[in-house]
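Asks: Let me begin by handing over the structure; questions about it come next.
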Amino acid sequence: MKSFFCTGMAVLVFFAVSGTSTAAETPVAPVVLTLDDCIRMALKAPPELGEAQSDIDLAASKLDEAKSYRFPQLEMTTLFGPAPTANRQDLNPIKTDKKFSFNELTWFTSADATIIQPLYTFGKISENMKAATHGIEVDRSRKEQRANEIVLKVHEYYNGLLLAREMKELVLEIEEILIKSREKARKLLDQGSDSVDEVDLYKLDAFSGIATKYLEEAKKGEALALAALRARLGLPVDAQLETATERLVIVDVEIPTLETYIENARLRRPEFRQIAEGLKARTALVEAAKANYYPDIFLGGLFSWAYSDERERVQNPYINDQFNHLNAGVAIGARWKLDFGITGAKVAGERAQYNRLLSTRTFADTNVPLQVKKYYLDLIEAKNSATATRSAYLNAKKWTVTAVANFDFGMGPAKDIFEALQAYSSMRADFFKSIYNYRIAAANLDYATNEPSHSH
């Protein structure tokens with residue numbers, strides 16, 4: 001009897017983790033959705049995918065930044081301010097004791113520009129471009145992984161809702177049998193039958209009361225499941241949602257071999273693509289850091305102009321007047337920044353990140369097949385369990401019908417009904433939980449192997 005009354009708790013155990021509360025519902029047009037419909041709705045605009053897309057956009061901006069270093073860079077400075085007056089006669093002879101006077105100040109304006117066109121950077125630009133390109137692929141794979149996680153959650157909520165409704169129907173069925181049995185017991189007792197006594201009525205009343213309690217808990221579990229599914233789909237809290245699938249059943253499909261699932265996981269799982277692209281990105285970053293040991297070869301241009309109307313321009317290449325001149329030129333140059341340990345530390349840091357990813361790949365190579373095997377064994381176990389419990393609950397159903405019929409005819413004791421109902425409720429609850437476990441295990445395998453989602 002204890003196991004029968006605990007079956008209702010299965011509904012609460014599964015849905016307690018959702019943390020979603022229901023609100024007062026107002027009548028609205030019902031929305032009938034299949035599992036595939038729910039998946040499409042959940043993937044339309046979830047916050048998780050919005051965050052992932054922002055990461056992709058950020059990585060794309062880094063690629064644009066890396067590409068931009070291939071183009072010329074122009075730097076300009078303009079000045080406007082006071083300057084002392086000057087005449088050519090001060091140079092012949094050169095006066096070295098001319099005193100400063102505020103009265104002889106004038107104004108000047110100037111513009112200086114330098115333009116640098118990189119010619120060869122020993123990989124600083126190209127390797128950073130490679131790293132950014134592979135970084136985009138890493139974030140795209142991460143977005144795909146998050147989408148798969150959303151699909152898996154929809155499977156849990158949708159099938160959990162079906163499980164809650166099956167449990168509710170089971171409790172209703174048990175409650176109906178108990179009510180009819182109590183009415184019959186009352187009738188037999190009034191007729192003075194020896195096959196029933198007051199104790200049997202007390203037991204039936206106790207069973208009925210507890211069944212009613214678990215019925216309310218089953219209804220609560222259904223409401224929580226609906227609320228969780230609505231939240232995942234982005235529907236209003238008062239939306240009337242109906243599932244196109246009415247019963248929790250197993251779709252009879254051929255199950256591939258474990259080796260097939262493991263091979264598909266290695267080929268298609270986004271985590272493996274993340275690691276592969278991440279290793280390429282880290283390799284490029286290591287090379288970019290090493291490139292800082294070498295100079296940058298560039299083509300440079302210079303333009304410098306300054307003017308002051310109270311200063312006479314001197315046309316002499318040995319004399320440069322910073323307040324009144326016009327200079328320009330072009331040259332090939334090398335820019336080399338030498339440090340004592342900074343570049344080496346950066347290279348070591350990038351290599352450490354690369355080695356970290358190597359360890360992650362080793363971990364994935366070992367644990368992903370283990371995860372796939374667990375889900376595969378869960379699937380096989382659930383399928384076999386569903387087959388076994390279906391036969392068991394059908395026989396328990398026959399037992400219950402026989403016990404109730406014998407009790408109705410005054411040929412059997414009430415305790416036979418209790419024992420039959422206990423076995424029937426337990427086996428049927430286990431049957432539905434096995435189907436639920438089968439469908440979730442199949443969804444987990446789809447997630448682990450990056451299979452296109454489908455109804456199981």
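The values are calculated or read from the model by the stated rules, or taken from the named source; none is laboratory data. All figures in this text were calculated on a predicted structure; none of them were measured in a lab. Ideal geometry is used to build each Cβ from the backbone, glycine not excepted, and the neighbour counts take in all protein chains shown.
Asks: Mind telling me which of the residues 60, 113, 131 ends up being of a type outside the set (S, T, N, Q), in a helix (DSSP H, G or I), in contact (Cβ under 8 Å) with a residue 60 or more places away in the chain and surrounded by fewer than 16 Cβ atoms within 10 Å (Cβ to Cβ)?
Replies: From the options 60, 113, 131, the qualifying one is 60.
Asks: Anything in segment 160-177 that is over 12 Å from residue 428 (Cβ atoms), touching a residue at least 12 places away in the same chain (Cβ under 8 Å) and among the charged types (D, E, K, R)? List them, or say none.
Replies: Passing the criteria: 165, 168, 175.
Asks: Let me ask something else. Is it the case that some residue within segment 189-196 is in a helix (DSSP H, G or I), out of contact with any Leu (no Cβ under 6 Å at 6 or more places or on another chain) and more than 30 Å from residue 444 (Cα to Cα)?
Replies: yes
Asks: May I ask you to verify whether residue 262 is on the phi < 0 side of the Ramachandran plot, within 27 Å of the chain's Cα centre (by Cα) and either in a strand (DSSP E or B) or surrounded by fewer than 21 Cβ atoms within 10 Å (Cβ to Cβ) (or both)?
Replies: Here the answer is yes, as residue 262 does meet what is asked.
Asks: Output the number of residues of segment 290-324 satisfying the condition of being in contact with a Lys or Arg (Cβ under 7 Å, 6 or more places away or on another chain) and part of a strand (DSSP E or B).
Replies: The total comes to 2.
Asks: Hey, another quick one. If you go through segment 379-429 one residue at a time, how many are part of a helix (DSSP H, G or I) and either more than 41 Å from the chain's Cα centre (by Cα) or within 30 Å of residue 199 (Cβ to Cβ) (or both)?
Replies: 33
Asks: Out of 53, 89, report the one residue that is assigned to a helix (DSSP H, G or I) and either within 30 Å of residue 315 (Cβ to Cβ) or assigned by TED's automatic domain parsing to the domain that holds residue 328 (or both).
Replies: Being assigned to a helix (DSSP H, G or I) and either within 30 Å of residue 315 (Cβ to Cβ) or assigned by TED's automatic domain parsing to the domain that holds residue 328 (or both) holds for just one of 53, 89, which is 89.
Asks: Taking interchain pairs and intrachain pairs at least six residues apart, which have beta carbon atoms under 6 angstrom, with the first residue in segment 353-364 and within 13 Å of residue 273 (Cα to Cα) and the second among the basic types (Lys, Arg) and in a helix (DSSP H, G or I)?
Replies: Cβ pairs passing all conditions: 357/282.
Asks: Residue pairs, Cβ under 9 Å, 6 or more apart or interchain, first in segment 73-95 and without any contact (Cβ under 8 Å) to a residue 12 or more places away in the chain, second loosely packed, with under 10 Cβ neighbours inside 10 Å and assigned to a strand (DSSP E or B). List them.
Replies: Hits for this filter: zero, empty list.
Asks: From the residues in segment 332-353 that are of a type in the set (A, V, I, L, M, F, W, C) and more than 10 Å from residue 295 (Cα to Cα), which one is surrounded by the fewest Cβ atoms within 10 Å (Cβ to Cβ)?
Replies: 340
Asks: On the given criteria, is residue 347 in contact (Cβ under 8 Å) with a residue 60 or more places away in the chain, β-branched (Val, Ile, Thr) and closer than 30 Å to residue 274 by Cα?
Replies: yes
Asks: Now for a different question. Quick one: in segment 265-279, which of the residues that are surrounded by fewer than 16 Cβ atoms within 10 Å (Cβ to Cβ) and of a type in the set (Lys, Arg) is farthest from residue 139 (Cα to Cα)?
Replies: Out of the qualifying residues, it is 266.
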